Amino acid sequence: MLDRCPHRFAPLSDGWIEDGRLICRYHGLGFDGAGVCVSNPHGPPLRGMSIPAWAIHEVHHAIWIWFGDPGQADPELIPDLSYLTAAPATAFSAGMLTGKGNYELFVDNLMDLSHTDYLHPATLGGGAVTKVKPDVVEADDHIEVTWRADDTPPSPLLRKLFPELPAQTDFWQRVRWFAPGVMKLTAATGAAGGAEEQALVNVNAHITTPETATSSHYFFAATRNFKVDDGELNAMIAQKREEIFVTEDKPMLARVQERMGDAEFWSLKPRMLPIDAAPVAVRRRMRKLIEAEAALRSSPRAEVA
């Protein structure tokens, strides 16, 4: 619910829960889960003394918020990230960061992984992604992009973690985007010409949501299909992943936002390349969704409702 008491605007998050009510620490008013004032130690609850409240649903190690009519909140619309809850603790890690940059810049960063060859040359890169053309598929509820490179050296990070890997490998990465900012990234590396079932596979969730128009909250989680009982390896991978983003992706996105200022992305007339097929498709889908929602809100029927 909105973190502001309707009485004198105290933060309700400073209060406490008592008999199913959220009690304001400033003057003791109590609110139910729908945001309605149901108790007032200074007299009867006042009509209209309520605050906005939104529906939430806890699943996949996360709390999902529906910023709309609670009656229309449908948990079935949450993307399937059940692979995270199915992972053992020794093969699961998660974290959250806040960085400068519009949330769509964070999405762009994941939907075009060709940047790994240049922004992360000593870890995730190696040149494999740049050499292949992204394959983009659009569906009703998602957009997916895949890069596949056969008979190529493994990334520097994989070579360091797994020196037993052969010199030449088959490699593919796939990112599936769900509106507005949920992405499933699957990355696999195996012996060149080998069976895909024997590949080392990492499965990640990347979720970005706006903090402001020029900053975002970035949530991430991951699991894998190899050495799933190795907690030490799990911690090492998690630490390296966060280090890469904090020292390389996060500063770059901040600098991009600084160069953009408050300008809208397309107003700057970016010169797009073939590698931008997936992020452009996502931006166009988002624009259509936002325009459709705006039209619905401004319709006479919506005003009556």
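Quick note: the coordinates plus some simple rules give every number you see, no bench work behind them. Remember, it's a predicted structure, so these values are computed and weren't measured experimentally. Quick reminder, even Gly has a Cβ in these numbers, built from the backbone with ideal geometry, and neighbours come from all protein chains shown.
Roughly how far apart, in whole Å, are the Cα centres of the range 272-297 and the range 96-152?
18
Looking at the range 162-262, which GluC sites (Glu not before Pro) are in a loop (DSSP not H, G, I, E or B) and have at most 12 other Cβ atoms within 10 Å?
Qualifying residues, ordered by number: E164.
So how far apart, in nm, are the two label points at Y26 and S82 if each is 7 Å from Cα heading toward Cβ?
My value for the distance between the label points is 4.5 nm.
Along the Cα→Cβ direction, 7 angstrom out, place labels at T98 and R271. What is the inter-label distance in nm?
Placing both labels 7 Å beyond Cα along the Cβ direction yields 3.7 nm.
Helix 231-244: angle to the longest alpha-carbon principal axis of the chain, degrees 0 to 90, nearest 10?
The answer is roughly 80 degrees.
Semi-axes of the range 195-305's equivalent ellipsoid from the Cα gyration tensor, sqrt of 5 times each eigenvalue, largest first, rounded to whole Å?
Calculated on Cα positions only, the semi-axes equal 36, 21, 16 Å.
Picking from S93, S13, S82, which is most flexible by a Gaussian network model of the chain using Cα springs under 10 Å?
Comparing S93, S13, S82 in the GNM, the peak value goes to S13.
How far apart, in nm, are two points set 7 Å out from the Cα along the Cα-to-Cβ line at A263 and at T186?
The modelled label-to-label distance comes out at 3.9 nm.
Contact order normalised by length for the range 87-292, with contacts defined as Cα pairs under 8 Å and 6 or more residues apart; what percent is it?
Relative CO of the range 87-292 lands at 28 percent.
Size of the range 87-292 along its principal axes in angstrom, Cα-based, largest extent first?
Taking the Cα atoms of the range 87-292, the three principal extents are 49, 31, 31 Å.
What number results when the radius of gyration of the range 28-102, computed over Cα atoms, is divided by 2.2 N^0.38 Å?
That works out to 1.62 for the range 28-102.
What angle do you read, to the nearest 10 degrees and between 0 and 90, between the alpha-carbon axis of helix 277-298 and the longest principal axis of the chain?
Roughly 20 degrees, rounded to the nearest 10.
Would you be so kind as to identify which of F220, L81, L158 lies farthest towards the positive end of the dipole of the chain, taking Lys and Arg as +1 and Asp and Glu as -1 on Cβ and the Cα centre as origin?
Among F220, L81, L158, the one farthest towards the positive end of the dipole of the chain is F220.
DSSP loop (so not H, G, I, E, B), at most 15 other Cβ within 10 Å: list which trypsin sites (Lys or Arg not before Pro) in the range 232-300 pass both filters.
Here the sparse-neighbourhood loop sites are R271.
Enumerate by residue number the trypsin sites (Lys or Arg not before Pro) in the range 1-55 meeting two conditions: DSSP loop (anything except H, G, I, E, B), and at most 12 other Cβ atoms within 10 Å of the site's Cβ.
Sparse-neighbourhood loop trypsin sites (Lys or Arg not before Pro): R8, R47.
Quick check on the range 131-214: what does the Kirkwood estimate of hydrodynamic radius come out to from the alpha carbon pairs, in Å?
14.3
Where does the chain land at 222 nm, in deg cm²/dmol rounded to the nearest 500, when only DSSP H runs of n ≥ 4 count, each adding -39500 (n - 2.57), divided by all residues?
Helices in the chain give a 222 nm mean residue ellipticity of -7000 deg cm²/dmol.
Angle, helix 250-260 long axis vs. longest principal axis of the chain, Cα atoms, 0 to 90°, nearest 10?
70
Is there a pair in K250/K288; K184/K250; K133/K227; K100/K184 whose C-alpha atoms are over 25 Å apart, and which pairs would that be?
Where the Cα-Cα span goes over 25 Å, the pairs concerned are K250/K288; K133/K227.
I'd like the Karplus ³J(HN,Hα) series for the range 183-200: coefficients 6.51, -1.76, 1.60, θ = phi - 60°, whole numbers in Hz, and an x wherever there's a Gly or Pro.
10, 9, 10, 10, 10, 9, 9, x, 4, 4, x, x, 6, 4, 5, 9, 6, 7
Can you grab the distance from the C-alpha centre of the range 203-251 to the C-alpha centre of the range 27-85, Å, no decimals?
About 28 Å separates the Cα centre of the range 203-251 from the one of the range 27-85.
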